[in-house]
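The values are calculated or read from the model by the stated rules, or taken from the named source; none is laboratory data. The structure displayed is predicted, hence computed values, not measured ones. Using ideal geometry, Cβ is built from the backbone for each residue, glycine included, and neighbour counts are taken over all protein chains shown. These area figures cover heavy atoms from the full protein model, side chains too; ligands, DNA and RNA do not enter into them. Shrake-Rupley method; radii C 1.70, N 1.55, O 1.52, S 1.80 Å.
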Amino acid sequence: MSPWTYYWVSVLVLAGLLLWPVSRLVWALSVRRLERRRGAALSEAESRGQLGRAWFVAIIVCVLFSALFNYQLLDMAAYGSPWMTG
């Protein structure tokens with residue numbers, strides 16, 4: 001397996017493992033912030049809406065973190081760009 005293939009597989013695995021806990025953390029922080037601002041509890045529909053938003057944010061955060069973490073951990077700079085030939 002090439003180093004770049006291993007890198008992208010590692011990125012996807014780490015992002016997948018982090019996705020659920022990060023989405024729950026983002027959701028909890030978002031719901032608490034909205035409840036504090038409004039001074040009342042959110043309805044079930046509003047809470048579900050925040051959960052969808054949390055998943056979207058978590059996907060972006062997890063993929064970016066995983067890509068940067070694995071790039072540094074696996075020292076991918078030593079392999080050059082995967083798109084350069086020669």
Open item on the list: Restricting to the stretch 18-47, count the residues that are surrounded by fewer than 12 Cβ atoms within 10 Å (Cβ to Cβ) and outside any loop (DSSP other than H, G, I, E, B).
Closed with: 8
- [ ] Report, ordered by the first and then the second residue, all pairs with beta carbons closer than 6 Å, sequence separation of six or more or different chains, a first member in the stretch 13-25 that is closer than 15 Å to Phe69 by Cα, and a second member that is in a helix (DSSP H, G or I) and open to solvent by 40 Å² or more (accessible area, probe 1.4 Å).
- [x] Ala15/Val63
Open item on the list: Here's a check for you: in the stretch 61-86, which residue that is at pLDDT 90 or above and loosely packed, with under 11 Cβ neighbours inside 10 Å is nearest to Trp20 (Cα to Cα)?
Closed with: Gln72
Open item on the list: What's the total number of residues in the stretch 48-60 that are open to solvent by less than 90 Å² (accessible area, probe 1.4 Å) and of a type outside the set (A, V, I, L, M, F, W, C)?
Closed with: 3
